[in-house]
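Please read the structure below before turning to the comments.
The values are calculated or read from the model by the stated rules, or taken from the named source; none is laboratory data. Just so we're clear, the structure is a prediction, and the values are computed from it rather than from any experiment. FYI the Cβ positions are ideal-geometry reconstructions off the backbone, even for glycines, and counts take in every protein chain you see.
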Amino acid sequence: KANRMFHPEDTVVEVRGRKIGGKELTIIAGPCSVESEEQIIAIAQEVKAKGATLLRGGAFKPRTSPYAFQGLKYDGLELLKKAREATGLPIVTEIMAPQDIEVFERDVDVIQVGARNMQNFTLLSELGRTRKPILLKRGLSATIEEWLMSAEYIMAEGNDQVILCERGIRTFETYTRNTLDLSAIPAIKKLSHLPVIVDPSHATGKWWMVEPLAKGAVAVGADGLIVEVHNDPQNALCDGQQSIKPCVFGELMQDIAPIATAV
Ligand code: PEP
Ligand code: MN
């Protein structure tokens with residue numbers, strides 16, 4: 001079902017009147033994690049003013065260490081809803097367990113499946129029985145074929161609202177957090193009709209690399225970006241080193257506009 005051979009036209013996913021895929025560039029921006037009401041609303045207002053079309057923010061966080069901040073969980077979802085009310089931006093947030101699907105279906109606009117859960121087939125199948133758009137991140141070491149098969153798990157259950165997200169893969173290189181596979185974008189475009197966006201923040205782990213790789217992503221045909229933006233990166237509870245400040249996000253939006261119209 002994800003295969004372009006049987007579905008030649010590009011899929012366009014609609015979220016509260018915004019189109020993901022097709023001609024429009026989708027910009028999902030916001031902090032790694034929801035930390036407080038003031039934090040998420042302030043960031044939401046700033047990214048909206050500078051051109052974001054959706055708001056991101058983790059409530060359930062898949063952290064490497066069980067002792068690291070795990071997110072505000074259900075309270076985080078409530079704060080995201082407040083930020084949506086304050087700005088009108090649809091909300092994108094990660095789900096980790098099938099038992100939360102009911103709440104996410106009710107409260108969230110785009111349900112994110114993180115890299116670590118890309119092959120959680122039970123979760124994928126259950127999300128396939130919802131009718132919510134699913135943002136499916138590429139697994140840490142997943143091939144393009146494995147990634148598309150995971151999209152297939154969702155679509156096989158009847159949910160064709162899938163958006164793919166390239167977020168870097170593990171290679172021998174350690175300078176960057178991951179290695180951004182820009183070649184995945186034209187590959188996905190050839191193999192599938194699904195929209196595909198790029199996450200330069202998790203791909204690099206470095207805030208100053210977000211701008212050049214975001215530009216590259218748009219130049220190679222990505223349908224959009226998901227970018228971590230924080231108003232106080234140094235004190236962020238998660239991923240501060242890869243978060244850009246709202247002013248840098250604003251400059252990035254201005255810089256990518258001419259690239260988007262050229263491709
Ligand atoms: C995230 O987007 O917050 C995240 C945890 O990303 P990934 O699953 O790509 O590591
Ligand atoms: Mn993060």
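Scanning segment 134-152 for residues that are in contact (Cβ under 8 Å) with a residue 60 or more places away in the chain, closer than 24 Å to residue 225 by Cβ and surrounded by fewer than 24 Cβ atoms within 10 Å (Cβ to Cβ) yields a single hit, 148. Quick one: in segment 225-263, of everything that is outside any helix (DSSP H, G or I), of a type in the set (A, V, I, L, M, F, W, C) and over 12 Å from residue 46 (Cβ atoms), which residue is farthest from ligand 1 (Cβ to nearest atom)? Only one residue tops the list, namely 263.
Per the conditions (1) within 16 Å of ligand 2 (Cβ to nearest atom); (2) surrounded by fewer than 21 Cβ atoms within 10 Å (Cβ to Cβ); (3) outside any loop (DSSP other than H, G, I, E, B), the sole criterion not satisfied by residue 64 is (3). Of the residues making up segment 153-174, those that are surrounded by fewer than 24 Cβ atoms within 10 Å (Cβ to Cβ) and out of contact with any helix residue (DSSP H, G or I) (no Cβ under 9 Å at 6 or more places or on another chain) are 170, 171, 172, 173, 174.
Which one is farthest from ligand 2 (Cβ to nearest atom), of the residues in segment 217-263 that are out of contact with any Pro (no Cβ under 8 Å at 6 or more places or on another chain) and of a type in the set (S, T, N, Q)? Only one residue fits best here, namely 261.
Results for (1) at pLDDT 95 or above; (2) acidic (Asp, Glu); (3) assigned to a strand (DSSP E or B), shown as yes or no for each residue.
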{"site": "142", "(1), (2), (3)": "yes, no, no"}
{"site": "150", "(1), (2), (3)": "yes, no, no"}
{"site": "154", "(1), (2), (3)": "yes, no, no"}
{"site": "158", "(1), (2), (3)": "yes, no, no"}
{"site": "165", "(1), (2), (3)": "yes, no, yes"}
{"site": "171", "(1), (2), (3)": "yes, no, no"}
{"site": "176", "(1), (2), (3)": "yes, no, no"}
{"site": "181", "(1), (2), (3)": "yes, yes, no"}
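Answer yes if at least one residue in segment 122-132 is closer than 24 Å to residue 21 by Cα and among the β-branched types (Val, Ile, Thr), and no otherwise. Taking every residue of segment 122-132 in turn, at least one turns out to be closer than 24 Å to residue 21 by Cα and among the β-branched types (Val, Ile, Thr). The set of residues in segment 206-223 being within 15 Å of residue 137 (Cβ to Cβ) and either assigned to a helix (DSSP H, G or I) or in contact with a Lys or Arg (Cβ under 8 Å, 6 or more places away or on another chain) (or both) consists of 217 alone.
Of the candidates 99, 119, 45, the single residue that is surrounded by fewer than 22 Cβ atoms within 10 Å (Cβ to Cβ), more than 14 Å from the chain's Cα centre (by Cα) and assigned to a loop (DSSP other than H, G, I, E, B) is 119.
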